[in-house]
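The values are calculated or read from the model by the stated rules, or taken from the named source; none is laboratory data. Owing to the predicted nature of the structure, the values given are computational and were not obtained by experimental measurement. Backbone-built Cβ (ideal geometry, glycine too); neighbour counts: all protein chains shown. For the accessible areas, the whole protein counts, side chains as well, though only heavy atoms, and no ligand, DNA or RNA atoms are used. Shrake-Rupley method; radii C 1.70, N 1.55, O 1.52, S 1.80 Å.
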Amino acid sequence: MMAEGDNRSTNLLAAETASLEEQLQGWGEVMLMADKILRWERPWFPPAIIGVVSLVFLTIYGLDPSVLSGVSCFVMFLCLADYFVPILAPRIFGSNKWTTEQQQRFHEICSSLVKTRRRAVGWWKRLFTLKEEKPKMYFMTMIISLAAVAWVGQQVHNLLLTYLIVTFLLMLPGLNQHGVISKYIGMAKREMNKLLKQKEKKNE
């Protein structure tokens with residue numbers, strides 16, 4: 001039964017990945033280029049990411065648009081990109097020159113996106129399961145979390161907070177690729193283990 005469940009899950013993942021590949025085929029060249037940048041294949045990519053993000057947010061700060069204007073411009077930009085990118089990308093990058101390695105990497109990116117979407121849906125379902133099974137814990141968790149977010153939002157300027165979040169998210173793939181995150185997580189675990197051992201010795 002477990003083998004059948006695993007096979008069904010694998011087949012479903014493959015089907016979802018193939019469907020996403022078909023939907024994003026026009027964005028393939030752009031996604032491959034973005035993947036190289038976000039994974040820091042060149043030493044100057046990290047400062048370039050920070051520079052571009054900083055320039056965009058400085059422009060927003062200078063223009064100081066209203067929320068409605070900002071959202072409208074952002075959605076308009078997405079619509080224009082969705083229309084022009086599939087048309088211009090093949091002419092700029094030459095999609096007919098794709099190698100097997102590029103095709104495989106595109107498949108891996110789409111598979112990662114599907115897995116990320118599944119994880120997000122899974123967390124959302126767990127939240128509702130917690131609400132049904134342990135409503136008091138759900139209530140307390142939500143209130144404390146939202147209060148903490150509200151406090152942070154009150155202490156830090158909205159645009160600065162958004163800038164920090166966007167920068168961190170764009171740097172995250174490169175940090176993960178180069179082992180920076182795993183390095184600091186390992187350091188944190190070692191420190192936690194030391195503290196626990198010291199506490200156990202004191203209790204003895």
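Taking only the alpha carbons of segment 89-178, we obtain Rg and Dmax values of 19.9, 58 Å in that order.
Coupling constants for segment 39-49 follow from the phi torsions by the Karplus curve (6.51 cos²θ - 1.76 cosθ + 1.60, θ = phi - 60°), and in residue order they are 8, 6, 6, 10, x, 8, 5, x, x, 5, 4 Hz; glycine and proline get x. I'd like the carbon and sulfur percentage of the solvent accessible area for the chain, probe radius 1.4 Å, heavy atoms only, ligands and nucleic acids excluded. Its accessible area is 66 percent carbon and sulfur atoms. Pairwise alpha-carbon distances in segment 40-110 exceed 17 Å for 69% of all pairs.
Look at the alpha carbon pairs under 8 Å that are at least 6 residues apart: their mean separation over the length of the chain gives a relative contact order of 37 percent. Taken per residue, the accessible surface of segment 59-204 reaches 86 Å², heavy atoms only and a 1.4 Å probe. Per the Debye calculation on the chain with a single equal scatterer at every Cα and no solvent contribution, log₁₀ I(q)/I(0) for q = 0.09, 0.12, 0.16 Å⁻¹ amounts to -0.59, -1.03, -1.46. With all pairs of separate Cα atoms included, segment 136-204 yields a Kirkwood hydrodynamic radius of 15.6 Å.
With a Förster radius of 35 Å applied to the beta-carbon distance between residue 52 and residue 124, the computed FRET efficiency rounds to 0.65.
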